[in-house]
Amino acid sequence: MKLIETLNWRYATKKFDSKKKINSTHLELLKEAVRLSVSSYGLQLYKVLIIEDPKMKKLLRKASWDQSQITDASHLFVFCSYNQNFNEGVDSYINLLQEGVEESKKAGILAYGKSIKEGISAMGEGERQSWSEKQCYLAMNNLLIAAAELKLDACPMEGFEPDKYDEILGLNDQGLHAVLVAPIGFRALDDSAHFRKKVRRSSEELFELI
């Protein structure tokens, strides 16, 4: 299983080679991997900003505890959850489901959409926010695995100031909130993290067959 080899190869890169850039073909493959991610109900109620502008990355670095990955990586993926307009997101998804479907089946799809809206509406504000943010984690996982398969390096990060990201990127006006960031690029040869032992819990500790 080549995936196991790939997962053993990847690690959270702490120092990127700022001179190396991801080519357009690989960037499109990363985007497609994220697009095909699993999500609750299949809604994909999030947006992914891909930052390559050096000036913008410098601004975001200031809101990321001055971590060099933000500016040195080729591209910075910012995963944003929606914090409003959930019904509009459901309607958009239901419209996609109805495309090319027989008229007799559309009523069932509309009923499905209604049940999704009811489920989301029944959540408290905190629960809804947590649920929405979890979708970003699912999508980022696809990005990390796809990057590793392409032998691109990545560093999933929660170490930044989300509210400042929201302000810098104008996310509030779009009903979005920054949740996770992932610099993607190529490891520097002197990245000390590269030489660290990969430590994971044993299968005996991690799994229990019932």
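Residues that are surrounded by fewer than 18 Cβ atoms within 10 Å (Cβ to Cβ) number at least 1 in the following helices (runs of 4 or more DSSP H) confined to the range 19-78: 24-35, 54-62.
Checking Ala154, Ala148 one by one, the residue that is in contact with a helix residue (DSSP H, G or I) (Cβ under 7 Å, 6 or more places away or on another chain), surrounded by fewer than 20 Cβ atoms within 10 Å (Cβ to Cβ) and over 30 Å from Leu96 (Cα atoms) is Ala148 and no other.
Okay, residues lined up against (1) at pLDDT 95 or above; (2) surrounded by fewer than 20 Cβ atoms within 10 Å (Cβ to Cβ); (3) in a loop (DSSP other than H, G, I, E, B):
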position: Asp163; (1), (2), (3): yes, yes, no
position: Glu167; (1), (2), (3): yes, yes, no
position: Leu180; (1), (2), (3): yes, no, no
position: Pro183; (1), (2), (3): yes, no, no
position: Leu189; (1), (2), (3): yes, yes, yes
position: His194; (1), (2), (3): no, yes, no
position: Val199; (1), (2), (3): yes, yes, yes
position: Leu209; (1), (2), (3): yes, yes, yes
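Annotation note: Cβ proximity below 9 Å between a residue of the range 9-31 that is farther than 23 Å from Lys58 by Cα and a residue that is open to solvent by 90 Å² or more (accessible area, probe 1.4 Å) (sequence gap 6+ or interchain) occurs for Tyr11/Arg196; Leu29/Glu149. Looking at the range 79-130 only, could you name the residues that are among the polar types (S, T, N, Q) and either within 19 Å of Arg35 (Cα to Cα) or surrounded by fewer than 17 Cβ atoms within 10 Å (Cβ to Cβ) (or both)? Hits for the range 79-130 are Ser81, Gln84, Asn85, Asn87, Ser92, Asn95, Gln98, Ser104, Ser115, Ser121, Gln129, Ser130.
The numbered conditions (1) touching a residue at least 24 places away in the same chain (Cβ under 8 Å); (2) outside any helix (DSSP H, G or I) are all true for Leu143 except (2).
Of the residues examined, Ser104 is not one that is under 17 Å from the mean Cα position of the chain (by Cα) and free of Cβ contacts under 8 Å to residues at least 12 places away in the same chain.
The values are calculated or read from the model by the stated rules, or taken from the named source; none is laboratory data. Owing to the predicted nature of the structure, the values given are computational and were not obtained by experimental measurement. Cβ sites come from the backbone with ideal geometry, for glycine too, and all protein chains shown count toward neighbours. All accessible areas refer to the heavy atoms of the entire protein, side chains included, with ligands and DNA or RNA removed. Shrake-Rupley method; radii C 1.70, N 1.55, O 1.52, S 1.80 Å.
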